[in-house]
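The values are calculated or read from the model by the stated rules, or taken from the named source; none is laboratory data. In this text, all values refer to a predicted model and were calculated from it rather than measured experimentally. All Cβ positions, glycine included, derive from the backbone under ideal geometry; neighbour counts span all protein chains shown.
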């Protein structure tokens, strides 16, 4: 509830209110304020160690908040239960975690949050999977083993898995890292189609490339602070933004958040 006793705005997908995160007792995020409005695509830029990945892990509940509050759709994170509205694509990793699987099987796993336990797949599930494969341009590879795909194609599989859940909010952590230009263009096309459907997108990136026309706003992180929040910037321009005014009071930061290979622990989040 707000100080006036009124509920928070449930139409606002993401609010970080004075959020601080520490890992192993070491501060990584420091009093971050951030609001992401419905339908916007916001890109998080900044050097390695600036806190970008820590921020998205905090807003998806994968890292605890030491101070402040994260709210998704007006609900404090600890009370948020509508996780089927949120899709998360982690930093580049193998799409199967070493388990043999086809592209379609991996993408279909993105529907788990929309099905009741032990219920078979429905026609809606199958349509959502086929649509997600089409959006990322992998419909013709659906029966292929994921291990047969290139790194960029595997990243598109992870995006399709998130899209299959039909999220209202999609959070991506450096999906273009190490991805060649054709795959970057395919990612941009997928995000454009998702944005046209009204989804909200939070994107951590080092390379903007073909996604630049889609971006509504840029947030630049430096040593755990928000150094810039405004109209879209390229990575090159963002690298020259001024530091936070109090940065000299804080030891240099490095993002040592542990790697997360699976976006959500659905059993933990959805158990009765």
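A few notes on this one:
- Filtering 182, 100, 167, 175 for residues that are outside any helix (DSSP H, G or I) and surrounded by fewer than 18 Cβ atoms within 10 Å (Cβ to Cβ) leaves a single hit, 100.
- Being closer than 22 Å to residue 86 by Cα, touching a residue at least 60 places away in the same chain (Cβ under 8 Å) and part of a helix (DSSP H, G or I) holds for only one residue in 132, 124, 162, 128, and it is 162.
- Output for region 104-121, where each listed residue is modelled with pLDDT under 65 and in a loop (DSSP other than H, G, I, E, B): 115, 116, 117, 118, 119
- The lone exception for residue 187 - which of (1) in a helix (DSSP H, G or I); (2) surrounded by fewer than 21 Cβ atoms within 10 Å (Cβ to Cβ); (3) out of contact with any helix residue (DSSP H, G or I) (no Cβ under 6 Å at 6 or more places or on another chain) it fails: (2)
- Checking each residue in region 35-69 for being in a strand (DSSP E or B) and either under 22 Å from residue 230 (Cα atoms) or touching a helix residue (DSSP H, G or I) at 6+ places or on another chain (Cβ under 9 Å) (or both) picks out 35, 36, 41, 42, 43, 44, 45, 69.
- Answer residue from region 196-212, given it is touching a helix residue (DSSP H, G or I) at 6+ places or on another chain (Cβ under 8 Å) and more than 30 Å from residue 31 (Cβ to Cβ) and is surrounded by the fewest Cβ atoms within 10 Å (Cβ to Cβ) among those: 209
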